[in-house]
Amino acid sequence: MRERRTVEMIGGIAAPILLYGFLAMIYPKLMGIVSGGRLLEPGAGMWLLTAGNFFMLPVFWRIYRQDRGMRELKRMKVNGADGQRYKARERETDHRFEIREMLLAVLGAVCISRGMNYVLALTPLPYWFPGYETASQEMYRCSLLSQIAAGCISAPLLEEMLMRGVLYGRLREFIKSPRTAMLINGLLFGLFHGNVVQGVYAFGMGIFFALLYEVYDSLILSVTAHAAANGISLLAGQFPGSGGLWKLPGLYELVTAGFLLAGMGCFCCFRRKMYRRQDPLAR
């Protein structure tokens, strides 16, 4: 029985990833044809990415909604005659959030993003694995508007729909421990980025985004936080230097520690909320 569930879990995780890979392989050609080749010209890479993300978004939105519908049916079945009252109680109490919680999610994403970037810059990983520079150079060759469209709008929507809405949701069907599911989801998100440096960064960010989804059972906060993290990275790329400020002894390390501590503080706030909330699927 356990082996069967493992095979089902692997199949459930692999299927949307393979579907994404297939669509990512064919959509540049389709977008190139539709645009008359303009999206394939140098400097149009971010527009091509944006168009491709929106091309794939309805596919994974449909999968996401189907998965949620199936989980609701399972919850209703588990709760039997009390299913309607249980569903109403879930809707009224468990997953609401206020504007301050959204601001906390944005603050956490920004601080963790900056802190991890600064930490990675202190390690030899960017020198050992320079592959991320190719993606960065391609991105910054494109217009700022296209970078915002891809990094702050289309990518957060598609990646959260796929990585949290579909993959994390399926992981939680088979894994009772949210911590384990978040770690696996973070690993998948890291591998999704295709190079070591961005993968390490995405691993940490993916855990935070999965935590937000776990607590609120909604993509709104994780998409918002993802957009904020990408946005602060784009802003930092537009203003890469700080003059001689970083030459002050210990300032870089102090700022890095401050970002990490602030980000972990936000993370712990959401983790405490997760532990206070009773997970009906784990009963």
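The Cα atoms of the chain give a gyration tensor whose axes a ≥ b ≥ c have a/c of 1.5 or more with a/b no greater than b/c, which makes the shape oblate. Look at the dipole of the chain built from charges on Cβ: of LEU221, ALA149, PRO130, the Cα furthest out on the positive end belongs to LEU221.
Counting only protein heavy atoms and a 1.4 Å probe, segment 145-278 has 42 square angstrom of accessible area per residue. Lys/Arg Cβ at +1, Asp/Glu Cβ at -1, dipole of the chain taken about the Cα centre: which of PRO28, CYS269, TYR201 is farthest positive-ward? Value computed over the given set: CYS269. For LEU248 and LEU145, what does the FRET efficiency come to when R0 = 35 Å and r is the distance between their Cβ atoms, rounded to the nearest 0.05? Efficiency at R0 = 35 Å is approximately 0.50.
The 1.4 Å probe gives accessible areas that order THR6, THR123, largest first, as THR6, THR123.
For the chain, the longest principal axis of the alpha carbon atoms and the long axis of helix 219-238 meet at an angle near 10°. Within the full protein context, the accessible area of LEU191 is estimated at about 120 Å² for a probe radius of 1.4 Å.
Shape call for segment 152-197 from the C-alpha gyration tensor, a ≥ b ≥ c root eigenvalues: rounded (a/c under 1.5), prolate (a/b greater than b/c) or oblate? Oblate, since a/c reaches 1.5 and b/c is not below a/b. Taking only Cα atoms, what is the 0 to 90° angle, nearest 10, from helix 178-192's long axis to the longest principal axis of the chain? Its long axis makes an angle of about 40 degrees. Given a 1.4 Å probe and the protein chains as shown, LEU251 ends up with an accessible area of around 40 Å².
In this calculation the C-beta distance from ARG277 to LEU40 is compared with R0 = 35 Å, giving a FRET efficiency of 0.15. Dipole check for the chain: with +1 at the C-beta of Lys and Arg, -1 at the C-beta of Asp and Glu, and the Cα centre as origin, the magnitude is about 1040 Debye.
Count Lys and Arg as plus one, Asp and Glu as minus one, and take only other residues whose Cβ is under 14 Å from that of GLU253; the net charge is then +2.
The listed residues LYS74, LYS176, LYS247 rank as LYS247, LYS176, LYS74 when sorted by accessible area, largest first, using a 1.4 Å probe. Largest first, the residues ILE153, ILE184, ILE207, ILE10 sort by 1.4 Å accessible area into ILE10, ILE153, ILE184, ILE207. Surface calculation, 1.4 Å probe, protein heavy atoms: GLU72 sits at approximately 50 Å² accessible. Given a 1.4 Å probe and every protein chain left where it sits, what share in percent of the accessible area of the chain is carbon and sulfur? Of the solvent-accessible surface of the chain, carbon and sulfur hold 67 percent.
The values are calculated or read from the model by the stated rules, or taken from the named source; none is laboratory data. Quantities reported herein were computed from a predicted structural model and do not represent experimental measurements. Don't worry about glycine lacking a Cβ; one is built from the backbone with ideal geometry, like all the others, and counts go over all protein chains shown. Note: accessible area is taken over every heavy atom of the protein model, side chains too, but ligands, DNA and RNA are not part of it. Shrake-Rupley method; radii C 1.70, N 1.55, O 1.52, S 1.80 Å.
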